[in-house]
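Single-structure report; data block below.
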There are 4 protein chains.
Amino acid sequence: MTNDDLESLRRDLAAFAANRDWDQFHSPKNLAMALIAECAELVEHFQWLSEAQSTTLSAEKKSAVRLELADVLIYLVRIADKLDIDLLAAARDKIAINEERYPADRVRGDARRASEYEI
Amino acid sequence: MTNDDLESLRRDLAAFAANRDWDQFHSPKNLAMALIAECAELVEHFQWLSEAQSTTLSAEKKSAVRLELADVLIYLVRIADKLDIDLLAAARDKIAINEERYPADRVRGDARRASEYEI
Amino acid sequence: MTNDDLESLRRDLAAFAANRDWDQFHSPKNLAMALIAECAELVEHFQWLSEAQSTTLSAEKKSAVRLELADVLIYLVRIADKLDIDLLAAARDKIAINEERYPADRVRGDARRASEYEI
Amino acid sequence: MTNDDLESLRRDLAAFAANRDWDQFHSPKNLAMALIAECAELVEHFQWLSEAQSTTLSAEKKSAVRLELADVLIYLVRIADKLDIDLLAAARDKIAINEERYPADRVRGDARRASEYEI
């Protein structure tokens, strides 16, 4: 166990909230709202950039984006903790589903929406 | 190195995209859009529930929510990879900032918006 | 024709963008991002409030929320204009669909997700 | 008064909810969640398109996008109604603020974020 993994992050965030008596606000409903609000701050950084510009951010912009990604991870870990969900296991299960849903041979170079493949 | 951490998830998702020739679609701009769209699917599960109901999901609902959280993590890891950002290190830095911004003694039991403390 | 309807708003927003040479940034893709970012600022106002609190905002909070709603409307009108879509006619069509999808007798007092009725 | 304006839409949506006993679910908090979820469905349509592609949608895609815009308008009108906010008046006030914040001479052809001008 290192100090640098999702499980230690989960524990530290739980302590952070407990120390501030914030668990009363951290219902999954509220955390889902906080999570999407943080994603939107990320989106805001990219909304007037071209795709090409979004791949080559200035150092200042990249620093800001980095902290927005941190916020998204923080709320994601919190909501998963509150719902007693193992994020990495869930991601593994979802990847297995996606492997079935988007066979590499069939979807190569094609990014149509998932629903278009779910026939 | 286990097979069960963010770094192995990052590698597997990069391979998943490469196998499908999807990197052409995975600009940070586009991934930010995909990320927020997944968060919204999570929000949709909670929008008509009370806070109390959101803490006690049915097994079926919890399964669905679990896969939405997985989707959020997947796109979050992808965008961080594309921007060469270490998510866990970023979260550690953000927690340090939050410790300063929200001293436990000052904000206990109070969840006003961050900006209200940034005077 | 009054000066106080969606059509005059559409015209004035088109002029606002043209005067600033901003049409180059106002692709539907970018405007969709700006729209959701504005919605998120609205969500942020409500994320730590109870439902009851969200119905009785302070004057200061209500003022801020009012301007967020304005931002949402502004980007909504812009994206509809760029796509040459008549928002009011679209809403009328959608209400007709919803009347069929959610017959009052069947869904009274029940706010389950749309998909659960679409069998 | 025509039957084709925001005020008549507001009235019809209020009746739609009342007929289904849905006002109990329509707190501003919940409606803000529903609003952002609808925006995300819009974003989803555009996330893998280039900006150029987003300006020239197929007829089928445009139909779908049109109904997503309708959903956004519907929830926007509902939340404004619940908060007793006049959307058009709010938009007028916001445009006046934006005229001051982004003087045409100063920002021509430049879409940096608002905050960068608010010095």
### Task
For the pairs B:LYS62/D:LYS29; B:LYS82/C:LYS62; A:LYS29/B:LYS94, note any where the Cα-Cα span goes beyond 28 Å.
B:LYS82/C:LYS62
### Query
In Å², rounded to the nearest 100, what is the total accessible surface buried by chains D and C against each other with a 1.4 Å probe?
6100 Å²
### Query
Quick one: Karplus J couplings for segment B:11-19, per residue in order, coefficients 6.51, -1.76, 1.60, θ = phi - 60°, nearest Hz, x for Gly and Pro?
5, 5, 5, 4, 5, 4, 5, 4, 4
### Query
When the Kirkwood hydrodynamic radius is evaluated over all pairs of different C-alpha atoms of segment A:17-59, what value in angstrom, to one decimal, is obtained?
12.7 Å
### Test item: Cα-centred dipole of chain D, Lys/Arg +1 and Asp/Glu -1 on Cβ, debye
160 debye
### Summary
Expected integer from the mean partner chain Cβ neighbour count at 10 Å over C:18-27 is 6
### Query
On average, how much area does the Cα convex hull of the protein assembly as shown cover when viewed from any direction, in nm²?
22.7 nm²
### Query
Out of every Cα pair in segment C:4-75, what percent are spaced more than 16 Å from each other?
59 percent
### Label-point gap, in nm, between C:GLU7 and D:LYS62 - each point 7 angstrom along Cα→Cβ
2.0 nm
### Task
Would you mind checking the tilt of helix D:28-46 against the longest principal axis of the Cα atoms of chain D, expressed as 0 to 90 degrees and rounded to 10?
60 degrees
### Query
Placing +1 at every Lys and Arg Cβ and -1 at every Asp and Glu Cβ, with all other atoms neutral, what dipole size does the protein assembly as shown have around its Cα centre, in debye to the nearest 20?
0 debye
### Task
Roll a 1.4 Å probe over the protein chains and send me the accessible area per residue for segment B:10-95 in Å².
33 Å²
### Average beta carbon contacts from partner chains per residue of A:51-62, 10 Å cutoff
3
### Summary
Rounded to the nearest 500, the 222 nm mean residue ellipticity computed for the protein assembly as shown from DSSP H runs (n ≥ 4, each -39500 (n - 2.57)) alone is -22000 deg cm²/dmol
### Message
Taking all protein chains in place and a 1.4 Å probe, what share, in percent, of the accessible surface of the protein assembly as shown do carbon and sulfur account for?
### Response
47 percent
### Query
For segment D:78-105 and segment A:60-89, what is the separation of their C-alpha centers, rounded to whole Å?
33 Å
### Message
Along the charge dipole of chain A, pointing to its positive end and built from +1/-1 on Cβ of Lys, Arg, Asp and Glu, which listed residue (A:LEU87, A:ILE36, A:ALA52) has its Cα farthest out?
### Response
A:ALA52
### Task
Note the angle between two axes, namely the Cα long axis of helix B:87-101 and the longest principal axis of the Cα atoms of chain B, as a number of degrees from 0 to 90, rounded to the nearest 10.
10 degrees
### Message
Give the separation of the Cα centroids, segment D:17-42 to segment A:16-49, in Å.
### Response
20 Å
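The values are calculated or read from the model by the stated rules, or taken from the named source; none is laboratory data. Note that the structure is predicted; figures quoted are calculated from it, not measured. Note that each Cβ is placed from the backbone with ideal geometry, even for glycine, and that neighbours are counted across all protein chains shown. The area values use the complete protein model at the heavy-atom level, side chains included, leaving out ligands, DNA and RNA. Shrake-Rupley method; radii C 1.70, N 1.55, O 1.52, S 1.80 Å.
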